[in-house]
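Have a look at this one.
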Amino acid sequence: QVQPVESGGGLVQPGGSLRLSCAASGSISSIYGMGWYRQAPGKQRELVARISSSDSINYAESVKGRFTISRDNAKNTVYLQMNSLKPEDTAVYYCNADVRTWPGYATLNYWGQGTQVTVSP
């Protein structure tokens, strides 16, 4: 069993910053891609940013230049630094990871439970 756990969400004013963290724990052999997705009320879940095991990165157009994704493989952790936040960034942010599990070495996809980010004056 693998459980990604997010932290760092909260309420911030427009133009402010937050840093999200997601630490995966459990029966982990290795982690391939890790990413952040978000879901605003009444909208579908969308990709925010994703980083591969070789540090190849993809960002949604709406966050390019404002958000930075990074990972610490020794800690099985992925981060999302969010700067210049806008009200439209308000959503529940979810961590996602492709994990090679142990034993058996199956590669499975896991979601965290989400952390709320609210950008409001």
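The values are calculated or read from the model by the stated rules, or taken from the named source; none is laboratory data. It should be emphasised that the depicted structure is a prediction, and the values quoted were computed from it without experimental measurement. Positions of Cβ are backbone-derived with ideal geometry, glycine not excepted, and every protein chain shown enters the neighbour counts. Heavy atoms of the whole protein, side chains included, go into the accessibility calculation; ligands, DNA and RNA do not. Shrake-Rupley method; radii C 1.70, N 1.55, O 1.52, S 1.80 Å.
Using a probe radius of 1.4 Å on heavy atoms only, what accessible surface per residue do you get for the chain? Whole Å² is fine.
Accessible area per residue: 52 Å².
Between residue 108 and residue 46, how many nm apart are label points set 7 Å from Cα along the C-beta direction?
For the pair residue 108/residue 46, the computed spacing is 3.1 nm.
What is the ratio of the Cα radius of gyration of the chain to 2.2 N^0.38 Å, with N the residue count, to two decimals?
With N residues counted in the chain, Rg over 2.2 N^0.38 Å equals 1.04.
May I pose another question? Using unit Cβ charges (K, R positive; D, E negative) and no other charged atoms, how large, in debye to the nearest 20, is the dipole of the chain about its Cα centre?
40 debye
Still on this structure, please answer the following. Would you work out what percent of the accessible area of the chain, with all protein chains in place, is carbon or sulfur (probe 1.4 Å)?
Roughly 48 percent of what the probe reaches on the chain is carbon or sulfur.
I've got another one for you. Averaged over all directions, how much area does the convex hull of the C-alpha atoms of segment 73-118 cover when projected, in nm²?
Reported value for the Cα convex hull: 4.3 nm².
Full extension from residue 27 to residue 54: what is 0.36 nm times the residue separation minus their Cα-Cα distance, to one decimal in nm?
7.6 nm is the gain from fully extending residue 27 to residue 54.
Please give the residues of segment 91-107, grouped as numeric ranges, whose backbone N is less than 19 Å from a label point set 7 Å along the Cα-to-Cβ vector of residue 75.
So the set is 94-98.
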